[in-house]
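Presented below is the structure to which this report refers.
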Amino acid sequence: MIKVAPSILSADYVNLQRDIEMLDNAGAEVLHIDIMDGAFVPALSYGPGWVKAIRPITKMVLDVHMMVQNPERYIDDFAKAGADIIGVHVEATPHIHRALQMIQNAGVTPEVVINPGTPVAAIEPVLGMVGQVLVMTVNPGFGGQKFLHSTVEKIAQLEAIKKEKGYTFDIEVDGGVNNETVVDCAKAGATVAVAGSYVFNAEDPASRVQALKDATK
């Protein structure tokens, strides 16, 4: 059964605590927090202050996905704010190994992220140092996009490398995830599913968390 990581990008910002508590009660294991700088992706979102405010109100794993140029500038701030996982895009820094080392040194689980157009080979040299790999299944920056089925092959490639090398990282998918697309992802090896609009646009968001789990039993 897959772990569910609802994305607060699609939550009600005015009632954020209410939504987070609802997700907790629904059995979501991870809270996905998208950090966007208006440069690496067009949109803007929250900073470390949001993570610091969220940390005391949930026991869910806080998975901070940094869609920012030169993420090294912000790693320590998000670590101090209470992030459990910090994800950096291989496309966002020329020094991906150093960025992941910085996350490790801050006492946080490092995650490497790849866009749909980036091959698995681009991150293979650092797979031994991460606790999670995030495969973007849409182009990053906006919610509500359609799932790109071509990305499933990358999940399978990562799963094969895990088995061959004895790695233990989680494989997370993000973008266009629903109770149908999550099935192919889980079969290919995904262990964590980010879901934003699929969860929060529903009349009963909690039922959508369960639907993702039920689809991958």
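Values in this text are rule-based calculations from the coordinates and carry no lab data. Given the structure is predicted, the values throughout are model-derived calculations rather than measurements.
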(request) Evaluate the relative contact order of segment 3-215 (contact order divided by residue number), counting alpha-carbon pairs under 8 angstrom at least 6 apart; express in whole percent. (result) 20
(request) Quick one: plug the Kirkwood hydrodynamic radius of the chain (C-alpha pairs) into Stokes-Einstein at 4 °C, 1.567 mPa s, and report D in µm²/s. (result) 76
(message) At a threshold of 8 angstrom on Cα-Cα distance, excluding pairs fewer than six apart, so keeping six or more, what relative contact order does segment 99-217 reach in percent?
(response) 21
(message) Under the rule of at least 5 residues apart or a separate chain, name every residue whose amide H is placed under 5 Å from the amide H of G176.
(response) G144, Q145
(request) Tally the DSSP beta bridges in segment 32-156 and give the antiparallel ones as a percent, rounded to 5. (result) 5
(request) Please list the non-local residues whose amide H lies under 5 Å from the amide H of D170, H modeled 1.01 Å from N, same-chain partners needing a gap of 5 or more. (result) Q132, V133
(request) Over the alpha-carbon set of segment 42-107, divide Rg by the Kirkwood Rh and report the Rg/Rh ratio to two decimals. (result) 0.96
(request) Could you tell me what percent of the DSSP beta bridges with both partners in the chain are antiparallel, to the nearest 5? (result) 5
(request) Scale the Cα Rg of segment 38-153 by the rule-of-thumb value 2.2 N^0.38 Å and send over the ratio, two decimals. (result) 1.04
